[in-house]
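The block underneath contains the structure these notes are about, expressed in structure tokens.
Every read-out reported here was derived from the displayed coordinates using simple, explicitly stated rules and does not represent laboratory data. Quantities reported herein were computed from a predicted structural model and do not represent experimental measurements. Here Cβ is always computed from backbone atoms with ideal geometry, including for glycine, and neighbour counts include all displayed protein chains.
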Amino acid sequence: MTDVVSMDKIVALCKRRGLIFPASEIYGGIANTYDYGHYGVLLKNNVVNAWWKAMIQERDDIVALDSAIIQHPRTWEASGHLAGFSDPLVQCLGKCKRRFREDHLREEAEARGEDPEKLVCPVCGGELTEPRPFNLMFETTIGPVREEGSTVYLRPETAQGIFLDFKTTLGFARKKPPFGIAQIGKSFRNEITPGNFIFRTLEFEQMEMEFFVAPDEADKWHRHWMEQRMEWYVTLGVDRDKLRLRPHGADELSHYSSATSDIEYLFPIGWSELEGIANRGDFDLRQHAEYSGQKLEYVDTATGDRYVPHVIEPAAGLGRTVLTLLCDAYDEDEIGGERRTVLRLLPRMAPVKAAVLPLVNKDGQPEKARAIYEELRSRMTAEYDAGGSIGKRYRRQDEIGTPWGITVDHQTMEDDTVTLRDRDTLEQVRVPVSELADELASRLG
Ligand code: ATP
């Protein structure tokens, strides 16, 4: 692995091969909004499947949910997301780009005997923006006539939908704490400083799980989830040395959290958050109980014990995980004097597992290659490609991370064997067509 990756190279590769590209391009694009093309979708789906597998297939204490994007507006009053609406916020234009409540900064400056009209960023000393009322949530109305409609919000996190469905889920899932509810879905944030490709966008997908536990077990489960989630990224093939767990300092903690640690990855932009693992205590269930008037607690029918569960939340970004895989797998090397870009993705994460390529476009080779491809595709994502020189076709597959190239040549027509080329070692072996699918399946694991 060479240390060659930059965000520009990732952006260029994603565009060149149609993985991820700017949205609304025919209108000149729309800021910080991206579309996923064919290979991007396949890669993203592999992440989604790996997450569901770890959350619900390999455990029996978590159930799945898919809650609505637009929830009752009271949800956001209870969660605290609406509270900041009229708060004047300023943002650091310097290094740290952090946001602050302007009224808090003024109070602090006054307390220190400094001029509250000359505020600077308390973290890095940078210049601050003009204060403005700010809320992260996108607002819209239900009802075709805007003035008569009621204001609703696009969810800024998927977590709240889980809390709203806690009671219903407890009723039908036949689970009791410790148990979790997991969901993947779109969230929307009117970020002040979006950017860095898909690292921070206005709409993005989250993979969140709320794990409900007895209050005195919260610390134990927090540790459990920090370990589990770190390991998960390693199973996706991410370099362990580029992952770290960073506990939040007291000044960083959200209003609902008693402890949070971020899993960070060493992106080309530096160490940055990939996932947050928070101990949310009983904040959310208590808030929704108060605002809805419903009892949101767990009652142990055997002992009669009742309590409001505490919540451990691993909250990951799907786009950021895709970006991590791309950055981690990106490599450049040289073959026969020619520079090659290659995505060294784990085979199980690669968008396409095998490309079947006829060496020449005649002598029955295209038909034979297509027949092999059609057989393979029921077992794994495969591609048939007959266009262009063989070298170009390999380069293309290398760039999207296809681990195996299968070439049909004149010898295939005689002895029914193909060449199987490995993306990383470039080793080529002859394999009988009859054994090919099993051979690839066993390599896939
Ligand atoms: P950040 O500090 O980067 O703004 P956050 O702490 O606000 O993130 P959480 O609310 O903990 O983020 O959301 C959980 C995960 O959702 C993040 O770790 C990240 O992977 C993803 N995420 C959050 N905001 C965005 C965004 N604007 N674009 C892409 N992914 C995001």
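Separation between the Cys124 and Ile390 pseudo-spin-labels, each 7 Å from Cα along Cα→Cβ, expressed in nm?
Reported label-point gap for Cys124 and Ile390 is 5.2 nm.
Calculate the spin-label point distance for Asp66 paired with Lys220, positioning each point 7 Å from the Cα along the beta-carbon direction, and give it in nanometres.
For Lys220 paired with Asp66, the spin-label model returns 3.5 nm.
For Glu374, project a label point 7 Å along Cα to C-beta. Then give me every residue of region 411-437 with its amide nitrogen under 20 Å of that point.
In region 411-437, the label zone of Glu374 (backbone N under 20 Å from the point 7 Å along Cα→Cβ) covers 412-414, 416-418, 433-437.
Give Lys97/Lys242; Lys9/Lys97; Lys53/Lys368; Lys167/Lys242; Lys9/Lys368; Lys44/Lys295 a once-over and call out the pairs whose C-alpha atoms are over 32 Å from each other.
With Cα atoms farther than 32 Å apart: Lys53/Lys368; Lys167/Lys242; Lys9/Lys368; Lys44/Lys295.
Given R₀ = 30 Å, what would the calculated FRET efficiency be for Asn361 paired with Glu25, taking r from the Cβ atoms and rounding to 0.05?
E between Asn361 and Glu25, to the nearest 0.05, is 0.35.
At a threshold of 8 angstrom on Cα-Cα distance, excluding pairs fewer than six apart, so keeping six or more, what relative contact order does the chain reach in percent?
In percent, rounded to a whole number, it is 13.
Subtracting the Cα-Cα distance from 0.36 nm times the residue separation, let me have the gained length for Val234 to Asn190 in nm, one decimal.
Result: 12.7 nm gained on full extension.
Please state the shape class of region 317-372: rounded when a/c is under 1.5, otherwise prolate if a/b exceeds b/c and oblate if not, all from the C-alpha gyration tensor.
oblate
Tell me the label-point distance for the pair Cys96, Ser434, using the 7 Å Cα-to-Cβ offset, in nm and rounded to one decimal.
Label-label distance for Cys96 and Ser434, simple model: 6.9 nm.
Shape call for the chain from the C-alpha gyration tensor, a ≥ b ≥ c root eigenvalues: rounded (a/c under 1.5), prolate (a/b greater than b/c) or oblate?
Taking the square roots of the gyration eigenvalues as a ≥ b ≥ c, the chain is prolate.
In the chain, once you exclude exposed GluC sites (Glu not before Pro) (DSSP loop, at most 15 other Cβ within 10 angstrom), what's the longest stretch remaining?
Result for the longest clean stretch: 192-426.
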